[in-house]
1. Got at least one residue in region 265-288 being over 18 Å from the mean Cα position of the chain (by Cα), charged (D, E, K, R), surrounded by fewer than 21 Cβ atoms within 10 Å (Cβ to Cβ) and part of a loop (DSSP other than H, G, I, E, B)?
2. Out of everything in region 8-35 that is out of contact with any helix residue (DSSP H, G or I) (no Cβ under 7 Å at 6 or more places or on another chain) and away from the ligand (no atom under 14 Å from the Cβ), what residue ends up being nearest to Val167 (Cα to Cα)?
3. What pairs come out if I take residues in region 19-30 that are on the phi > 0 side of the Ramachandran plot and pair them with residues that are within 8 Å of the ligand (Cβ to nearest atom) and in a strand (DSSP E or B) whose C-beta lies under 9 Å away, six or more apart or interchain?
4. So Leu213 clears everything in (1) in contact with a helix residue (DSSP H, G or I) (Cβ under 6 Å, 6 or more places away or on another chain); (2) surrounded by fewer than 19 Cβ atoms within 10 Å (Cβ to Cβ) except one condition, right? Which one?
5. Give me a count of the residues in region 164-197 that are in a helix (DSSP H, G or I), surrounded by fewer than 19 Cβ atoms within 10 Å (Cβ to Cβ) and of a type in the set (A, V, I, L, M, F, W, C).
6. Do we find a residue being in a helix (DSSP H, G or I), of a type in the set (A, V, I, L, M, F, W, C) and more than 15 Å from the ligand (Cβ to nearest atom) anywhere in region 200-212?
7. Here are the criteria: (1) buried (at least 21 other Cβ atoms within 10 Å of the Cβ); (2) more than 10 Å from the ligand (Cβ to nearest atom); (3) of a type outside the set (S, T, N, Q); (4) in contact (Cβ under 8 Å) with a residue 60 or more places away in the chain. Tell me which single one Trp132 does not satisfy.
8. Here is a list of conditions, (1) modelled with pLDDT of 95 or more; (2) part of a helix (DSSP H, G or I), and Val140 meets all of them except one; can you say which number that is?
Amino acid sequence: MENRKAIKTAIGKIILMGEHAVVYGEPSIAIPFPEVRIKTTIYQSRGPVILDCCYYKGLLLKGPKIVSGLIEVIRKVTESFNERLENFNIHIDSTIPPERGMGSSAAVAISTIRALYEYFNRPLTEDQLLKWANVSEKIVHGNPSGIDAAVVGGEKTLYYKKGMPFVPFKFNLDAYLVVGDTGRKGQTRAAVEGVRQFIESKPNEGMELIKELGNLTRLARKSIEDKDAEKLGQAMFKAHIILDKLGVSDGKLNFLVSKALDCGALGAKLTGGGRGGCMIALVEDIKGANYISNCLLKYGAQNTWISKLGDGLVE
Ligand code: MEV
């Protein structure tokens, strides 16, 4: 038997500014995060498709709710090729901690879509990739802005506004980002729903907070263009306070954010959906970044990553 095989990958993402507000049309800034990634391998087999990933190993079509977005996208992509869901298996490896706001759901979908197109020998455009990724994101997140799929699929730093053309921009600010994992699963879907309920019950206050987040993202963009790391750090922490008011932070995120600031970070905030997941801290140099990373680990972060901004994270 001929042994067909396709292997494709996708990287993680970090939202620097604008999470949640981006769902309401405000801008956000997100950066690709190649320090973590997903690898999908599709290989020839016999019989119905078996999915093997960190959540589930078994018949694809019998998979649990947590992989329902992925199953749907695999089903639809295969159907669009007029192929049947048989005679191949899908294996997924990941170094992206799941449900931590680092784009694991978008990355799983994107690496798998890429692998399906390769396996069935079809050309894949960026627009198709995003369209399919958002099929899965809608099931996982309910009402996604599209930022996760856009940055994970495009692998470019983006200044993103829902419904507008993507604006890649150069992150030429010389600084470091330390990412701290609370070790607790984030709840993007619940957090997005929580913000919706906040706005529904207190429309004036809610939309005021969303607008403030938008203004802080605009300020952050200007600070990056002016190479002003201190101003960017201040905007980040202000955004964290507003996200907390909107109910998307939690005790451990607040604790790690305050410890990062105590240890000398220029700014810190939660990143992504919140209610668990990860926080980020902005630091001027590598010595400081190592110090903040150790400080976060000492105060209970389960894991940390250091990334140089303006280097590998640019257009
Ligand atoms: C999740 O990474 C980012 C959120 O803004 C949701 C979205 O934009 O779809 C919380």
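1. So far as region 265-288 goes, yes, one or more of its residues are over 18 Å from the mean Cα position of the chain (by Cα), charged (D, E, K, R), surrounded by fewer than 21 Cβ atoms within 10 Å (Cβ to Cβ) and part of a loop (DSSP other than H, G, I, E, B).
2. If we take residues in region 8-35 being out of contact with any helix residue (DSSP H, G or I) (no Cβ under 7 Å at 6 or more places or on another chain) and away from the ligand (no atom under 14 Å from the Cβ), then Pro34 is nearest to Val167 (Cα to Cα).
3. Partner pairs satisfying both residue conditions: His20/Ser28.
4. For Leu213, the exception is condition (2).
5. Adding up the residues that qualify gives 1.
6. Taking every residue of region 200-212 in turn, at least one turns out to be in a helix (DSSP H, G or I), of a type in the set (A, V, I, L, M, F, W, C) and more than 15 Å from the ligand (Cβ to nearest atom).
7. (4) is the only condition that Trp132 fails.
8. The number of the failed condition is (1).
The values are calculated or read from the model by the stated rules, or taken from the named source; none is laboratory data. If you're wondering where the values come from, they're calculated on a predicted model, not measured in any experiment. Cβ coordinates were reconstructed from backbone atoms using ideal geometry, including for glycine residues, and neighbour counts include every protein chain displayed.
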